[in-house]
Protein chains: 2
Amino acid sequence: MKQKEHILIVGAGLCGSLLALRMAQRGYTVTLIEKRPDLRKVTQDAGRSINLALSDRGLKGLRLAGVEKEALQLCIPMNGRMIHPENGEPFLSPYSGRKDEYINSISRPGLNILLLNTIDQMANVTTHFNLGCEEVDLEHASATFKNYETGNTQTFSGDILIGTDGAGSAVRKSMFDHKKFLFSFSQQWLTHGYKELEIPADENGGFKTYKNALHIWPRGEDMLIALPNLDGSFTVTLFLPYANSDYCFNNLTTAEKVEEYFRKEFPDALELIPNLAEEYFNNPTGALGTVKCTPWHCYGKTLVMGDAAHAIVPFYGQGMNASFEDVVVFDEILEKYEGNWEKVFFEYEKARKIDTDAIADLALDNFHEMKEHTASALFQQKRKLEIAFETQLPNAYFSKYSLVTFNEAIPYSEAMKRGRAQDKAILNLLDDGKLNDGLSLEEKLALVKEETNNIMHDDAVVKKM
Amino acid sequence: MKQKEHILIVGAGLCGSLLALRMAQRGYTVTLIEKRPDLRKVTQDAGRSINLALSDRGLKGLRLAGVEKEALQLCIPMNGRMIHPENGEPFLSPYSGRKDEYINSISRPGLNILLLNTIDQMANVTTHFNLGCEEVDLEHASATFKNYETGNTQTFSGDILIGTDGAGSAVRKSMFDHKKFLFSFSQQWLTHGYKELEIPADENGGFKTYKNALHIWPRGEDMLIALPNLDGSFTVTLFLPYANSDYCFNNLTTAEKVEEYFRKEFPDALELIPNLAEEYFNNPTGALGTVKCTPWHCYGKTLVMGDAAHAIVPFYGQGMNASFEDVVVFDEILEKYEGNWEKVFFEYEKARKIDTDAIADLALDNFHEMKEHTASALFQQKRKLEIAFETQLPNAYFSKYSLVTFNEAIPYSEAMKRGRAQDKAILNLLDDGKLNDGLSLEEKLALVKEETNNIMHDDAVVKKM
């Protein structure tokens, strides 16, 4: 048997680590190179750093590499959104009417460490840290790195190079700058940025507010959210315009203004965040961007994957899940065409790009849904009806959220098409008063399905033109 | 009165020349700098070079600067598309049922020369050629150029710098590379390229085929088009995939293959193009891209306009028209806020970007319409009905094409919204057999309007969420 190729993977974040693990399991020799220091050797409190939403598509990727069970031990289930309205009491808006459909809060470094520890048990993976990619030779699967510890430059070569180096990918940048083929590229920034804050655990290590939910304070343009951590704390994120708003990052410049803003907009959250001003001014303001590009590969030698190929905004909680699903799809294509890398790369992009484009667009939709719609009466009526469908007719209806989040057998692009048509159908039927109380739930569902099919049919007539 | 500012305009193509003329007319001191040699001093046959479609929005811009009449003398009216089907005789598909609605074929260099000659009569414009922009100081409205004649470097400074340097804009690139503000950017390439060919005039200087039309040979994936020139020739453009097709640029590598392809797909055109293979191999293969970006301006000092801000594919014949309309909108905003450049730039982008985004998307739609749909029975039924509406009820119906091309009082974004809804309404009514022959034309129009309003209403319910 021919010896399997040497795969150079640039970026040992979540996607790169899972990919390296899987490629090693398939028998490849893997060199995994990371710009940052080894997470396990630097001081940090994993439970208090950024957390992410892990759901079915991500779990499928972890299952493929045999690490699902260990990952689930790091998870806190979140069954729904705890909406904190501007006026009135908080209420739970479930993610689904089916009991087994929930998402999980998980620590990003915690999960990354789990993957790196598992990789360390594989004899055919070598991992390097503190090496920043400076130049990529796309045609020859080699790259030059700066060693941040010694200051020296090092070149690594493989048979294949895969860039999993995140939204700011150096590998993708080298494709953009290469100019020998047409490279379509888009980076779209929101006019909102984000800032992380913290609700600490109570003195007994318990949770200061309801644990098993993703908390949202929707305020139209602004939004605060909070996800629970294993140590009893919550990571809080404020989403706020940079400029052109009564309260925005550009004018919240003093502790007084920040506290005034929270007192006005998020008084119940303010009580739970003891170090508001300190954290606000110490923590950086992050930007929120969507990156799309094509081709993802060149010369049958170099490929980008995960955020490097398709960075999305965080509002669907699907960034990590989409990247892990990349690894699953790539593994399936590799199984089919192993040995012909050009074919593997081509078929992988052909199968996958339509779906990563879809989740990027869905994530932008959800930004508006979270900050505005969750507070609207029509939206709440829609959700109430959808939850009734999913609770009482659990095999007959799947909301857009369920299709995207809990149905990994349905591609994102399909989930988007059907989910958007359903939303449009329900919103219009509600708006036209056609879902009146005289109807049974079954009759309402029949109406929704009929209207959804009409919408999809009408769109298809235009598309097939 | 305070002396008016010094405006540095980078790029003396169609947009930059019209802008320079208008700004000079408003009393500004203008320095206009162009990378290429002076069109008027290099050998070329204006009538035989690239031609463009000039229509109402573009004419409005030329009118604003007082050069419409002169421009019209360079025009050949095109009343419709002459469709050359794969089987059967060519037929004319009018652009509108209203007699006064047609587009014009005009020579790009001819029109550019007209603008440059008019500029030369203004004492307050200085024009420089052969200066390639190498670096822009965005904060100080100055830029450094390489003089292609002397090899030297020259720096020019103004109070305001406006980049009208086209799809590959150096000014926009300097915004992209600047990294001190979030710059959203997208470049999207089609997988088709284009190649220019020529149908020469006949021996008497007459037209070898019907003069007053834009000729199209739609073939699904491929397409050939031809626009008339004043000298009796037609500029022909072949649109073809680069790869992955029976016939594509990558495999049409010999004169025999090129001729075989034309004999098979475009036999009537082949007869009119005597130097097919020679031109095919001498002329470059051009790429077709869409560029969008935001912000268009920074520091109240620098702005991009025209293709530099929003390059589009050529399939709606609106690239030049959109750029000239930019000048009209900019002039209106300037009239309102003159003196406050930051405000002018902000309000200009706010008013204009939604419309240039729309025409970019419409131009991509039209690519599919031209190469595929013009050959489809359902599309032809739709056009027949629309022409009947426009001919017999000329004040009651405007097709998407008419809204975009002949109704400059309606912004592109509005034209897109209404035009797409109308198309969807007609296609679905036709597909469902609801526009049967028993109905009068007025009854058909009433049905179309009702269905169009339903579609726009249903979309609005989702949007307002």
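The values are calculated or read from the model by the stated rules, or taken from the named source; none is laboratory data. Predicted model only: the values in this text are computed from it and were never measured. Neighbour counts run over all protein chains shown; Cβ positions are idealised from the backbone, glycine included. Surface accessibility is based on the protein's heavy atoms, side chains included, excluding ligands, DNA and RNA. Shrake-Rupley method; radii C 1.70, N 1.55, O 1.52, S 1.80 Å.
Only one of (1) within 14 Å of chain B (Cβ to nearest Cβ); (2) assigned to a loop (DSSP other than H, G, I, E, B) fails for A:Ile312. Which number is that?
Checking A:Ile312 against (1) within 14 Å of chain B (Cβ to nearest Cβ); (2) assigned to a loop (DSSP other than H, G, I, E, B), the one that fails is (1).
Each row is one residue, and each column tells you yes or no for (1) open to solvent by 10 Å² or more (accessible area, probe 1.4 Å); (2) assigned to a helix (DSSP H, G or I).
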{"site": "A:Val291", "(1), (2)": "yes, no"}
{"site": "A:Phe324", "(1), (2)": "no, yes"}
{"site": "A:Phe330", "(1), (2)": "no, yes"}
{"site": "A:Glu342", "(1), (2)": "yes, yes"}
{"site": "A:Ala360", "(1), (2)": "no, yes"}
{"site": "A:Asp365", "(1), (2)": "yes, yes"}
{"site": "A:Leu378", "(1), (2)": "yes, yes"}
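Give A:Pro218, A:Pro241 a once-over and let me know the one that is within 14 Å of chain B (Cβ to nearest Cβ) and in contact with a His (Cβ under 7 Å, 6 or more places away or on another chain). Explain how you work it out, then say what you get.
On the way: A:Pro218 fails: in contact with a His (Cβ under 7 Å, 6 or more places away or on another chain).
Of A:Pro218, A:Pro241, the one residue that is within 14 Å of chain B (Cβ to nearest Cβ) and in contact with a His (Cβ under 7 Å, 6 or more places away or on another chain) is A:Pro241.
Starting from residues that are among the aliphatic types (A, V, I, L, M) and in contact with a Pro (Cβ under 7 Å, 6 or more places away or on another chain), keep the ones in the range A:374-388 and report whichever is farthest from A:Met82 (Cα to Cα).
A:Ile387
Given the structure, is A:Thr302 outside the structural domain of A:Met416 (by TED's automatic domain parsing), within 16 Å of the chain's Cα centre (by Cα) and surrounded by 22 or more Cβ atoms within 10 Å (Cβ to Cβ)?
When the stated conditions are applied, A:Thr302 does not pass them.
From the list A:Glu408, A:Glu414, pick out the single residue that is in contact with a Leu (Cβ under 9 Å, 6 or more places away or on another chain), part of a helix (DSSP H, G or I) and at pLDDT 95 or above.
Working: A:Glu408 fails: part of a helix (DSSP H, G or I).
Answer to the check: A:Glu414.
Restricting the search to the range A:290-334, which residues are farther than 28 Å from B:Leu190 by Cα and free of Cβ contacts under 8 Å to residues at least 40 places away in the same chain?
Residue satisfying the conditions is A:Glu332 alone.
Considering each residue of the range A:415-465, count those that are in contact with a helix residue (DSSP H, G or I) (Cβ under 7 Å, 6 or more places away or on another chain) and of a type in the set (S, T, N, Q), and give that number.
Counting residues in the range A:415-465 that are in contact with a helix residue (DSSP H, G or I) (Cβ under 7 Å, 6 or more places away or on another chain) and of a type in the set (S, T, N, Q) gives 3.
Table: residues versus (1) closer than 30 Å to B:Val42 by Cα; (2) in contact with a Lys or Arg (Cβ under 9 Å, 6 or more places away or on another chain); (3) within 14 Å of chain A (Cβ to nearest Cβ); (4) touching a residue at least 60 places away in the same chain (Cβ under 8 Å).
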position: B:Gly132; (1), (2), (3), (4): yes, yes, no, yes
position: B:Asp159; (1), (2), (3), (4): no, yes, no, yes
position: B:Ala167; (1), (2), (3), (4): yes, no, yes, yes
position: B:His178; (1), (2), (3), (4): no, no, yes, yes
position: B:Gln187; (1), (2), (3), (4): no, yes, yes, yes
position: B:Leu190; (1), (2), (3), (4): no, no, yes, yes
position: B:Leu197; (1), (2), (3), (4): yes, no, no, yes
position: B:Ala201; (1), (2), (3), (4): yes, yes, no, no
position: B:Tyr210; (1), (2), (3), (4): no, no, no, yes
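How about the range B:123-165: which of its residues are within 16 Å of B:Asp177 (Cα to Cα), in a strand (DSSP E or B) and touching a helix residue (DSSP H, G or I) at 6+ places or on another chain (Cβ under 8 Å)?
B:Cys133, B:Glu134, B:Glu135, B:Val136, B:Ala143, B:Gly163, listed by residue number.
State all residues of the range A:111-122 that are assigned to a loop (DSSP other than H, G, I, E, B) and touching a strand residue (DSSP E or B) at 6+ places or on another chain (Cβ under 9 Å); if no residue qualifies, say none.
Looking only at the range A:111-122, we keep the residues that are assigned to a loop (DSSP other than H, G, I, E, B), and these are A:121-122.
Correct list: A:Met122 only.
Would you confirm, using the coordinates I've provided, whether A:Asp432 is within 12 Å of another protein chain (Cβ to nearest Cβ), among the charged types (D, E, K, R) and over 24 Å from the mean Cα position of the chain (by Cα)?
Criteria met by A:Asp432.
If we scan the range B:291-298, do we find a residue that is more than 30 Å from B:His140 (Cα to Cα) and either of a type outside the set (A, V, I, L, M) or in the same structural domain as B:Asp355 (by TED's automatic domain parsing) (or both)? Talk me through it step by step, then tell me what you get.
First pass over the range B:291-298, keeping only residues more than 30 Å from B:His140 (Cα to Cα): none.
The answer is no, given that none of the residues of the range B:291-298 is more than 30 Å from B:His140 (Cα to Cα) and either of a type outside the set (A, V, I, L, M) or in the same structural domain as B:Asp355 (by TED's automatic domain parsing) (or both).
Can you pull out every residue in the range A:277-291 that is within 14 Å of another protein chain (Cβ to nearest Cβ) and either over 24 Å from the mean Cα position of the chain (by Cα) or hydrophobic (A, V, I, L, M, F, W, C) (or both)?
A:Ala287, A:Leu288, A:Val291
Which residue out of B:Phe367, B:Phe406, B:Phe389 is aromatic (Phe, Trp, Tyr), closer than 20 Å to B:Thr290 by Cβ, more than 12 Å from chain A (Cβ to nearest Cβ) and in contact (Cβ under 8 Å) with a residue 24 or more places away in the chain?
Within the list B:Phe367, B:Phe406, B:Phe389, the selection yields B:Phe367.
Look through the range B:187-241, keep the residues that are under 22 Å from B:Thr290 (Cα atoms) and outside any strand (DSSP E or B), and return whichever of them is least open to solvent (accessible area, probe 1.4 Å).
B:Gly220
All but one of (1) open to solvent by less than 20 Å² (accessible area, probe 1.4 Å); (2) of a type outside the set (Lys, Arg); (3) within 14 Å of chain A (Cβ to nearest Cβ); (4) outside any helix (DSSP H, G or I) hold for B:Tyr397, so report the exception by its number.
The single condition B:Tyr397 does not satisfy is (3).
Of the conditions (1) touching a helix residue (DSSP H, G or I) at 6+ places or on another chain (Cβ under 8 Å); (2) part of a helix (DSSP H, G or I); (3) of a type in the set (A, V, I, L, M), A:Val30 satisfies every one except a single condition; which number is it?
With (1) touching a helix residue (DSSP H, G or I) at 6+ places or on another chain (Cβ under 8 Å); (2) part of a helix (DSSP H, G or I); (3) of a type in the set (A, V, I, L, M) applied to A:Val30, the lone miss is (2).
Taking the residues in the range B:155-186 that are of a type in the set (A, V, I, L, M) and more than 30 Å from A:Pro241 (Cβ to Cβ) as candidates, determine which candidate is surrounded by the fewest Cβ atoms within 10 Å (Cβ to Cβ).
B:Ala167
Would you check if there is a residue in the range A:346-355 being part of a helix (DSSP H, G or I) and open to solvent by less than 10 Å² (accessible area, probe 1.4 Å)?
The answer is yes; a qualifying residue exists.
Considering only residues that are over 34 Å from the mean Cα position of the chain (by Cα) and open to solvent by 60 Å² or more (accessible area, probe 1.4 Å), look in the range A:435-465 and name the one that is farthest from the other protein chains (Cβ to nearest Cβ).
The extreme case among them is A:Glu442.
Considering only residues of the range B:67-101 that are free of Cβ contacts under 8 Å to residues at least 60 places away in the same chain, of a type outside the set (A, V, I, L, M, F, W, C) and part of a loop (DSSP other than H, G, I, E, B), which is least open to solvent (accessible area, probe 1.4 Å)? It would help to see each step written out before you state the result.
Keep residues of the range B:67-101 that are free of Cβ contacts under 8 Å to residues at least 60 places away in the same chain, which gives B:67-73, B:75, B:87-89, B:91, B:99-100.
Next cut, of a type outside the set (A, V, I, L, M, F, W, C) only: B:68-70, B:73, B:87-89, B:99-100.
In the following step, the residues that additionally are part of a loop (DSSP other than H, G, I, E, B) were identified as B:73, B:87-89, B:99-100.
Details: B:Gln73: 143, B:Asn87: 131, B:Gly88: 59, B:Glu89: 147, B:Lys99: 191, B:Asp100: 118 Å².
Result: B:Gly88.
Please give the number of the condition B:Arg36 fails out of (1) outside any helix (DSSP H, G or I); (2) out of contact with any Ser or Thr (no Cβ under 7 Å at 6 or more places or on another chain); (3) crowded, with 19+ Cβ neighbours inside 10 Å.
Every listed condition holds for B:Arg36 apart from (3).
Out of (1) at pLDDT below 95; (2) over 28 Å from A:Val304 (Cβ atoms); (3) touching a strand residue (DSSP E or B) at 6+ places or on another chain (Cβ under 9 Å), what's the single condition that is false for A:Arg219?
(3)
A:Asp423 - would you say it is within 30 Å of B:Pro218 (Cα to Cα), within 10 Å of chain B (Cβ to nearest Cβ), in a helix (DSSP H, G or I) and open to solvent by less than 50 Å² (accessible area, probe 1.4 Å)?
So A:Asp423 does not fit the description; no.
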